[in-house]
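I have placed the structure first, in the form of structure tokens, so that the comments after it can refer back to it.
The values are calculated or read from the model by the stated rules, or taken from the named source; none is laboratory data. Worth saying up front: this structure is predicted, and the values here are computed from it rather than measured. Ideal geometry is used to build each Cβ from the backbone, glycine not excepted, and the neighbour counts take in all protein chains shown.
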Amino acid sequence: MQVDLRESWWIRDVEIPSRLVLAPMAGVSVQAFRRQGRRYGAGLVCSEMVSCAGLEHRNERTLGYLRVARDEHPLAIQIFGSQPAVMAEAARMVVAAGADIVDINFGCPVRKVTKTGAGATLLEDPDRACAIVAAVATAAGVPVSVKMRRGLENGSRVCLEIGQRLVDAGAATLTLHPRSARQMYTGEADHSLTAELVELVDVPVIASGDVTSRARAQSVLATTGAAAVMVGRAAQGNPWALSEIVDGDAGEPSRDDVAAELIVFVRETVRELGERRASGFLKKFYGWYLGRGRFPRPFKQELVQLESTEEVVTRLLAASPGAAALVERLEAELPDPADEILLDSMPISIYGGG
Ligand SMILES: Cc1cc2nc3c(=O)[nH]c(=O)nc-3n(C[C@H](O)[C@H](O)[C@H](O)COP(=O)(O)O)c2cc1C
């Protein structure tokens, strides 16, 4: 059975215009990544996980994650934490910042997060997990989604035990990454569990894990009955994977296409994070964009060594002169930065004023 990935679907009253969701990825899902994902066919994009404690304490870097641009919608902002009341306040803040959906992280396997009682550990504490969902759903006023792993231990089926309970507590959709927390990213996502979850709950389910091609997306959708697939690692430095999955556009991008997307990505990220943070942050993206046989390996190494992102852009344009016209076209299509909701224009309560 062929599934039409361009078909829209709904999370309560939020229309999602395609059946591909761009995964939340810490250290990756900056605004440039999310906007690019929307341009290449993602129906829903998601911020990386945002600490509710960081929001509570008005940590400047955490607040920076709440920057939302006009062309990102529909957008989910993901929060993590372990205290229902603090999560509820964080939900209010992310909705004030422009989130269409508040996503709750019950999947993070990283020790720094789990040791605080947040992320995947909440799968072992269903009462607390449900209390968090209920508090967030009441506070948010927009649909709430939950993203989870299969459980903590290998072979765990906890996601199936907890699924409908989370829905009863107020979750409007569930995303399942069917690996255990212990597995981290090893082995394979077992989407037979996704199929079981779809049978058990009466909300749309998003299938996350190892979706790297149109064929795989079609087969996961057809065999699980999920409403959408989520794509993460396959989209790193490779938005073309998204259009291949959604529309079947199988053409490899030209060098000019790759250089142009990277240049726009670099410039937008510098605008978001500032030169100092962006120059370190961007290094991994050079390999992701320029790899896959697109540019010679020494070229990537050369970019990583350059001091400033301006030099990176100059070097890319020298290697791929045809990219300049493409960059101009791409940048002309981006909305005016003045249209963004910046922290300055947020309600005063965001700063803890009231
Ligand atoms: C670098 C990286 C960072 C991630 N950060 C998050 C995160 O902040 N929140 C979350 O729910 N999942 C996070 N994930 C998990 C992904 O959203 C996704 O569920 C997982 O990578 C499986 O999908 P994939 O095979 O398409 O990559 C992260 C994954 C990676 C690789």
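Summary table below
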| item | result |
| --- | --- |
| Flag if residue 38 is in contact with a His (Cβ under 9 Å, 6 or more places away or on another chain), among the basic types (Lys, Arg) and under 30 Å from residue 253 (Cβ atoms) | yes |
| Selection count where residues are over 11 Å from the mean Cα position of the chain (by Cα) and either aromatic (Phe, Trp, Tyr) or farther than 13 Å from residue 71 by Cβ (or both), scope segment 20-43 | 4 |
| Top-ranked residue of segment 143-168 - restricted to ones that are more than 14 Å from residue 123 (Cα to Cα) and touching a helix residue (DSSP H, G or I) at 6+ places or on another chain (Cβ under 8 Å), ranked as surrounded by the fewest Cβ atoms within 10 Å (Cβ to Cβ) | 168 |
| Which numbered condition residue 112 misses (of (1) within 13 Å of the ligand (Cβ to nearest atom); (2) in a loop (DSSP other than H, G, I, E, B)) | (2) |
| Verdict on residue 92 being buried (at least 18 other Cβ atoms within 10 Å of the Cβ), over 23 Å from residue 193 (Cα atoms), touching a helix residue (DSSP H, G or I) at 6+ places or on another chain (Cβ under 7 Å) and not β-branched (Val, Ile, Thr) | yes |
| Residues satisfying the stated conditions in segment 242-254, i.e. in a helix (DSSP H, G or I), surrounded by fewer than 22 Cβ atoms within 10 Å (Cβ to Cβ) and touching a Phe, Trp or Tyr at 6+ places or on another chain (Cβ under 7 Å) | 243 |
| Pairs where the first residue, in segment 202-213, is in the same structural domain as residue 107 (by TED's automatic domain parsing) and farther than 8 Å from residue 229 by Cβ and the second is near the ligand (Cβ under 7 Å from one of its atoms) and in a strand (DSSP E or B), C-beta under 7 Å, 6+ apart | 209/177 |
| Candidate set from segment 271-286 (those that are within 19 Å of the chain's Cα centre (by Cα) and not charged (D, E, K, R)); member that is surrounded by the fewest Cβ atoms within 10 Å (Cβ to Cβ) | 281 |
| Residue tally, condition without any contact (Cβ under 8 Å) to a residue 40 or more places away in the chain and either farther than 14 Å from residue 80 by Cβ or not assigned by TED's automatic domain parsing to the domain that holds residue 102 (or both), over segment 126-151 | 5 |
